[in-house]
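> Following this message is one structure expressed as structure tokens.
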Amino acid sequence: MAIPQAASINPALTARSQLLSEAEAVAIASGYYGVVAEAHRLSGEKDSNFRLATSSGDEYLLKVVNPGEAPDVTNLHTLALMHVAGRDPELPVQRVVKTLEGLPEFQLQISEDDVRTVRLVTFSKGLLQRKAKQTPAQRHNIGTMLARLQIALADFSHPAEDHFSTWDLKNVLSLKGMVDDLPTSGGKDELYAWLSLFENDIQPHVPALRAQLVHNDLNSDNIVVDPNDTDQVAGIIDFGDMVKTPVLFDVAVAAAYQLTEATDPLQAAIEFVQGFHALRALTPHEIDLLFRSVVVRMAMRIIITEWRAVRFPENSQYILRNTPQAWRQFHRLADISNEQATSAIAAALNK
């Protein structure tokens with residue numbers, strides 16, 4: 001099977017929309033939720049996100065979703081948060097706040113051709129993992145937390161669960177068109193090579209892998225830790241890339257974001273996987289595919305961000321803020337043989 005020549009692209013990756021102002025966020029909070037608060041805009045690539053703070057000290061996150069995202073997909077994210085809260089009440093995910101009319105989300109008409117979904121959730125207080133000291137214990141705990149999240153989501157289903165996501169690792173072959181569009185300099189051959197590796201070595205196994213709805217983006221900006229004990233996870237945020245995909249790929253995504261600049265480029269990922277495996281064991285088949293899936297995810301991250309930077313030059317600095325580090329980590333991993341890496345992973349998980 002040849003690699004597809006055309007990329008399927010989520011509209012939200014290319015949709016341009018005017019971000020809402022802080023004054024508009026204040027008006028939405030008051031008018032639709034009865035929440036009187038100050039609003040502070042949070043950085044983001046496509047949605048209008050605001051941190052709301054009331055005079056009594058309560059804090060919320062108001063999200064006005066990019067109009068390029070299908071409403072049923074946004075509803076998937078909302079109901080998933082509610083489902084997790086019911087299945088594992090102690091799991092530190094944001095809680096959905098209903099409108100004055102009792103709705104978990106609503107459609108906001110900005111203009112005739114611009115309708116956006118709005119959701120209000122509690123704010124996860126703490127320190128982003130990216131800004132905290134990272135330790136083996138912290139990574140182990142993050143792995144355990146992802147396992148808990150997967151278990152809580154295991155019986156959740158939604159009509160939009162099979163929607164196409166550009167960020168879904170099982171769809172990585174659709175990115176060849178993106179690689180074609182990148183500037184001629186800068187590693188295109190390496191990226192093509194890893195797409196081919198996925199096609200030949202991983203894709204044939206996908207139908208046999210256990211799959212469910214998963215978070216799909218557990219990066220260090222989506223993990224909140226306790227500022228007083230940064231080894232402890234205080235929050236898992238941003239369910240915006242949820243999709244039904246192999247459990248293995250959700251683990252690979254999160255493992256790729258736990259890599260460090262340490263001497264052993266694989267050790268940090270192993271520490272995370274050990275935490276996951278202790279609560280929700282990976283199968284031998286999944287362990288065999290894990291390392292290659294992590295490297296492909298690194299390639300995928302580079303492809304999509306560089307492609308988006310070309311299309312949104314006004315926001316390229318934000319989009320590419322982590323790309324140099326991603327390239328370094330990608331190269332360091334790619335230099336390790338699959339046999340060596342898989343043996344190290346298997347040995348660590350069998351301790």
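> Looking at ALA147, is it farther than 16 Å from ASP47 by Cβ, in a helix (DSSP H, G or I) and touching a strand residue (DSSP E or B) at 6+ places or on another chain (Cβ under 9 Å)? Full working, then the answer.
Values: farther than 16 Å from ASP47 by Cβ: yes; in a helix (DSSP H, G or I): yes; touching a strand residue (DSSP E or B) at 6+ places or on another chain (Cβ under 9 Å): no.
So ALA147 does not fit the description; no.
> Looking for something part of a loop (DSSP other than H, G, I, E, B), at pLDDT 95 or above and of a type in the set (Asp, Glu) - is there at least one such residue anywhere in the stretch 225-233? Write out each step before concluding.
As a first pass, look at the stretch 225-233 and keep what is part of a loop (DSSP other than H, G, I, E, B): 227-228.
Narrowing the set further to residues that are at pLDDT 95 or above leaves 227-228.
With of a type in the set (Asp, Glu) added as a condition, the list becomes none.
Among the residues of the stretch 225-233, not one is part of a loop (DSSP other than H, G, I, E, B), at pLDDT 95 or above and of a type in the set (Asp, Glu), which makes the answer no.
> Within the stretch 1-93, which helices (runs of 4 or more DSSP H) (wholly inside it) include 2 or more residues that are at pLDDT below 95?
Values: elements: 11-14, 22-33, 71-87.
Answer list for the stretch 1-93: 11-14.
> Which members of the stretch 257-296 meet the condition of being of a type outside the set (A, V, I, L, M), under 13 Å from GLN329 (Cβ atoms) and free of Cβ contacts under 8 Å to residues at least 40 places away in the same chain?
Scanning the stretch 257-296 gives TYR257, ASP264, GLN267.
> Scan LEU218, LEU197, LEU259 and give me the residue that is in a loop (DSSP other than H, G, I, E, B), at pLDDT 95 or above and either surrounded by 22 or more Cβ atoms within 10 Å (Cβ to Cβ) or not aromatic (Phe, Trp, Tyr) (or both). First the steps, then the outcome.
Working: LEU197 fails: in a loop (DSSP other than H, G, I, E, B); LEU259 fails: at pLDDT 95 or above.
LEU218 is the lone residue from the list that is in a loop (DSSP other than H, G, I, E, B), at pLDDT 95 or above and either surrounded by 22 or more Cβ atoms within 10 Å (Cβ to Cβ) or not aromatic (Phe, Trp, Tyr) (or both).
> Let me ask something else about it. Residue by residue through the stretch 128-145, note down the ones that are crowded, with 16+ Cβ neighbours inside 10 Å and over 20 Å from HIS215 (Cα atoms).
Correct list: ALA132, GLN134.
> Output the residues belonging to the stretch 234-256 that are closer than 19 Å to PHE164 by Cα, assigned to a helix (DSSP H, G or I) and either free of Cβ contacts under 8 Å to residues at least 12 places away in the same chain or within 10 Å of the chain's Cα centre (by Cα) (or both).
ASP250, VAL253
> Only one of ASP226, ASP250, ASP231 is charged (D, E, K, R), in contact with a strand residue (DSSP E or B) (Cβ under 9 Å, 6 or more places away or on another chain) and crowded, with 22+ Cβ neighbours inside 10 Å; which?
Values: ASP226 fails: crowded, with 22+ Cβ neighbours inside 10 Å; ASP231 fails: crowded, with 22+ Cβ neighbours inside 10 Å.
Of ASP226, ASP250, ASP231, the one residue that is charged (D, E, K, R), in contact with a strand residue (DSSP E or B) (Cβ under 9 Å, 6 or more places away or on another chain) and crowded, with 22+ Cβ neighbours inside 10 Å is ASP250.
> Moving on to the next point. Only one of ASN66, ASN75 is of a type in the set (S, T, N, Q), within 26 Å of ARG148 (Cβ to Cβ) and not assigned by TED's automatic domain parsing to the domain that holds HIS215; which? Full working, then the answer.
Values: ASN66 fails: within 26 Å of ARG148 (Cβ to Cβ).
None of the others qualify; the one that does is ASN75.
> Please specify each residue of the stretch 92-125 satisfying the condition of being aliphatic (A, V, I, L, M) and out of contact with any helix residue (DSSP H, G or I) (no Cβ under 6 Å at 6 or more places or on another chain).
The initial filter retains those residues of the stretch 92-125 that are aliphatic (A, V, I, L, M), namely 93, 96-97, 100, 103, 108, 110, 115, 118, 120-121.
Selection gives VAL97, LEU100, LEU103, LEU108, ILE110, VAL115, VAL118, VAL121.
> Considering only residues that are touching a residue at least 60 places away in the same chain (Cβ under 8 Å) and of a type in the set (Ser, Thr, Tyr), which ones fall in the stretch 297-331?
Within the stretch 297-331, just TYR318 meets the criteria.
The values are calculated or read from the model by the stated rules, or taken from the named source; none is laboratory data. Because the structure is predicted, anything quoted here is derived from the model rather than measured. Don't worry about glycine lacking a Cβ; one is built from the backbone with ideal geometry, like all the others, and counts go over all protein chains shown.
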